[in-house]
Amino acid sequence: MRDSDRELLKELVRLDVSQTDCSETRKVLETCPDLADTLSNPLVTHDEKRAVISRLFPESMQKFLMNTVRSGAVERIGEILDEYEDILIDKQGSIKAVVRYVTPLTEAQQADLRQFIMDKFVKEDVDIEYKHDPDIIGGFILNAGDLEYDKSYRTSLRLMKDTLQNKAAEYVGAPSSAKSRNSDIISVLKTEVRDFDVKSGATETGFITRLGDGIARVYGMNSVMYGELVEFETGIRGIVQNLEEKSVGVVLLGDDHGLTEGSSVIRTGKRAGIGVSDELLGRVVDALGSPIDGLGQIKPDDYFPIEREAPGVIERKPVSVPLQTGILAIDSMFPIGRGQRELIIGDRQTGKTSIAVDTIINQKGQDVICIYVAIGQKSSTVAQIVNTLKKYGAMDYSVVVCASASDPSPFQYIAPYSGTAIAEYFMSKGKDVLIIYDDLSKHAVAYRAMSLLLHRPPGREAYPGDVFYLHSRLLERSSRLDDEHGGGSLTALPIIETLAGDISAYIPTNVISITDGQIFLESELFNSGLRPAVNYGLSVSRVGGAAQTKAMKKASGNLRIDLAQFKEMEIFTQFSSELDQSTTELLEHGHMLTELLKQPLYNPLPHYEQVILLYAAQHGFFKGIPLKELREYRTDLMNYIRSYGQDIISEIEENKVLTDDLAERIERILTAFEE
């Protein structure tokens with residue numbers, strides 16, 4: 001309410017205008033719709049307006065109406081009167097109530113109901129309005145203040161149906177020996193019928209005052225919480241996102257068909273969450289956890305809120321166990337540990353999703369659960385990823401959460417939080433979990449659209465001010481827990497899309513500051529044939545060698561420094577015609593390393609193969625081999641080692657350490673292959 005309107009409201013309070021005069025004023029304005037235009041018309045003089053007011057309106061209202069005319073608030077008279085009538089009701093110790101019924105209540109029932117409301121709300125009087133509503137089938141529904149007491153047959157029948165459906169689902173899933181005991185179903189049915197008349201409950205309610213674009217403005221529900229689930233009369237649900245003085249902003253989790261202004265809304269008392277169970281593995285679900293792969297329903301074992309406080313420092317332990325991606329360039333120079341948050345960033349079509357999918361495929365046999373969250377992607381793209389994961393047997397330990405580009409903004413907003421809730425369910429069971437958010441740029445855009453529709457003030461690039469907190473509270477939930485708290489871990493690989501490689505833009509900068517490092521993919525490198533197109537200069541892992549095995553750390557040696565020197569020397573010597581021997585050797589070594597780090601799609605390398613290839617490269621075993629033949633040469637080499645060096649492979653995989661003895665044996669088998 002504007003300050004000028006508040007002053008007019010105060011004037012009504014000072015004048016102590018009666019409820020009757022307010023109703024009469026409202027009736028005059030409704031009967032003569034052109035009257036408001038006349039009073040607000042600047043061409044009509046004040047004397048003429050005063051004459052109209054004195055002739056048509058009660059005397060106690062005339063001073064208020066003239067002040068309303070002077071302040072230009074004629075169009076808002078109805079709102080001011082609404083506020084004043086609420087004040088009158090509180091002042092008089094009265095309360096409004098609405099009773100919906102099928103069979104009219106007797107006088108005795110009406111008296112009991114009036115006394116119940118007065119006792120419940122500690123009021124001296126109650127104003128009850130009775131409405132005939134055949135839709136409730138039988139019984140009655142009482143709305144008083146923000147509470148709804150539902151003793152209707154319609155609600156009792158719905159609750160009975162839900163109970164019987166749940167029992168039927170348990171019966172279908174039970175072993176055949178248990179199915180013979182039909183007495184259980186019969187006893188449940190008898191109990192439901194016996195308790196039919198007593199099922200009721202008090203719920204806090206509100207009603208829609210404005211609806212559109214998937215956002216509902218709801219009046220009432222004064223005790224509702226931020227992030228709480230509310231249910232609309234059509235059965236769809238929404239999440240409370242804005243808490244204002246007299247209303248709340250709710251984002252709809254579904255189609256608003258059937259809802260209008262005035263439709264009722266009921267609190268559920270639950271924070272927005274998702275049903276979780278082991279049955280999610282191998283499935284594709286939407287942002288609410290409902291299956292969309294046509295493989296049947298998923299029976300939840302537990303309910304996890306989508307928004308959850310991140311584990312504290314005391315509950316965590318350092319990141320020290322590597323999470324192998326199977327990509328040589330990453331595992332050797334930018335290692336990722338279990339519990340880490342490593343950002344994958346780059347322009348469109350630079351292979352960001354491919355790195356994530358390769359990482360999922362490489363977790364086969366590693367006892368890691370993988371969650372892939374698709375945000376704003378095309379449904380066809382998600383289907384291709386699911387088919388790829390099935391082809392390589394990765395869906396057995398994976399869950400795909402999909403909020404496609406065709407889904408409303410609220411679904412795209414909650415999808416990563418729902419995915420994290422699923423991940424935390426498995427982490428709570430002591431599992432290591434990998435979650436991929438593809439991508440958070442589209443997540444921020446969806447949140448921006450939702451926030452602007454909720455009338456939140458826009459900030460930089462029209463994003464709301466809390467867009468940093470949006471991603472930080474999501475990514476902070478990734479951690480490695482100590483043994484006392486289950487010992488599980490949650491590793492996050494968020495993806496961010498840049499425009500023209502600008503990593504200093506608003507959203508990329510925010511997410512870079514939250515994560516523990518980034519893998520920067522460059523369009524220029526991708527187009528030149530270097531794939532994965534990792535920029536070794538701008539990429540970094542802040543966990544570093546702590547997330548590497550000792551064997552990998554020793555084998556990779558000064559790989560990153562060698563590549564940096566090569567890049568610098570390549571630029572410096574590109575126009576030189578004569579080069580000395582050391583410079584030539586440095587360039588040849590750099591070209592060889594660059595070629596070695598190229599890796600085909602969906603072909604992650606096992607740990608032992610990475611260690612052996614890096615050791616061979618760093619000790620000159622690939623020297624003199626033409627670059628065009630290097631790929632075939634390394635394939636033949638690994639086939640030879642798999643045939644004659646199984647003891648070497650076993651020792652690397654078991655001990656993860658490159659001892660002097662093991663290094664000597666690797667050199668011997670490399671020399672034998674050369675010969």
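The values are calculated or read from the model by the stated rules, or taken from the named source; none is laboratory data. Being a predicted model, the structure only gives us computed values, none of them experimental. Ideal geometry is used to build each Cβ from the backbone, glycine not excepted, and the neighbour counts take in all protein chains shown. Heavy atoms of the whole protein, side chains included, go into the accessibility calculation; ligands, DNA and RNA do not. Shrake-Rupley method; radii C 1.70, N 1.55, O 1.52, S 1.80 Å.
Looking at segment 533-559 only, could you name the residues that are under 11 Å from PHE334 (Cβ atoms) and in contact with a strand residue (DSSP E or B) (Cβ under 7 Å, 6 or more places away or on another chain)?
VAL534, ASN535, LEU538, SER539, VAL540, SER541, ARG542, VAL543, ALA547, GLN548
Please identify the pairs in which a residue from segment 426-452 that is acidic (Asp, Glu) has its Cβ atom under 6 Å from the Cβ atom of a residue that is open to solvent by 10 Å² or more (accessible area, probe 1.4 Å) and not in a helix (DSSP H, G or I), counting only partners at least 6 apart or on another chain.
ASP432/ARG338; ASP439/GLU497
Given the criteria among the basic types (Lys, Arg) and free of Cβ contacts under 8 Å to residues at least 12 places away in the same chain, does LYS390 qualify?
So LYS390 fits the description; yes.
I want to confirm something. Restricting to segment 526-563 and keeping residues that are open to solvent by 30 Å² or more (accessible area, probe 1.4 Å) and among the hydrophobic types (A, V, I, L, M, F, W, C), which single residue is farthest from THR359 (Cα to Cα)?
Checking each candidate, the answer is ILE561.
I need the full set of residues from segment 371-406 which are open to solvent by 40 Å² or more (accessible area, probe 1.4 Å) and among the aliphatic types (A, V, I, L, M), in order please.
Matches in segment 371-406: ALA383, ALA405.
Quick one: GLN349 ticks every box in (1) within 22 Å of VAL540 (Cα to Cα); (2) in a helix (DSSP H, G or I) bar one, so which box is it?
(2)
Could you please tell me which pairs satisfy a Cβ distance under 8 Å, a separation of 6+ or placement on different chains, a first residue in segment 149-162 that is closer than 15 Å to VAL99 by Cα and open to solvent by less than 30 Å² (accessible area, probe 1.4 Å), and a second residue that is in a helix (DSSP H, G or I) and modelled with pLDDT of 75 or more?
Taking only residues 6 or more apart or on different chains, the pairs are SER152/ILE136.
Would you point out which residue out of LEU601, LEU596 is open to solvent by 50 Å² or more (accessible area, probe 1.4 Å) and of a type in the set (A, V, I, L, M, F, W, C)?
Of the residues listed, the single one that is open to solvent by 50 Å² or more (accessible area, probe 1.4 Å) and of a type in the set (A, V, I, L, M, F, W, C) is LEU601.
Only one of ASP331, ASP301, ASP278, ASP286 is surrounded by 22 or more Cβ atoms within 10 Å (Cβ to Cβ) and of a type in the set (D, E, K, R); which?
Values: ASP301 fails: surrounded by 22 or more Cβ atoms within 10 Å (Cβ to Cβ); ASP278 fails: surrounded by 22 or more Cβ atoms within 10 Å (Cβ to Cβ); ASP286 fails: surrounded by 22 or more Cβ atoms within 10 Å (Cβ to Cβ).
Among ASP331, ASP301, ASP278, ASP286, only ASP331 is surrounded by 22 or more Cβ atoms within 10 Å (Cβ to Cβ) and of a type in the set (D, E, K, R).
The conditions are (1) buried (at least 18 other Cβ atoms within 10 Å of the Cβ); (2) within 48 Å of the chain's Cα centre (by Cα); (3) over 30 Å from GLN349 (Cα atoms), and ASN639 fails exactly one of them. Which is it?
(1)
For segment 291-342, name all the residues that are hydroxyl-bearing (Ser, Thr, Tyr) and in a loop (DSSP other than H, G, I, E, B).
SER320, THR325
Considering segment 304-314 alone, what residues qualify as being among the small types (Gly, Ala, Ser) and surrounded by fewer than 14 Cβ atoms within 10 Å (Cβ to Cβ)?
Filtering segment 304-314 down to residues among the small types (Gly, Ala, Ser) leaves 310, 312.
Of everything in segment 304-314, just one residue is among the small types (Gly, Ala, Ser) and surrounded by fewer than 14 Cβ atoms within 10 Å (Cβ to Cβ), namely GLY312.
Looking only at segment 221-255, how many residues end up being part of a strand (DSSP E or B) and of a type in the set (D, E, K, R)?
Selection size over segment 221-255: 3.
Rundown of residues vs (1) touching a Ser or Thr at 6+ places or on another chain (Cβ under 9 Å); (2) farther than 18 Å from ASP286 by Cα, yes/no style:
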site	(1), (2)
GLY419	no, no
VAL433	yes, yes
HIS443	no, no
SER451	no, yes
GLY459	no, yes
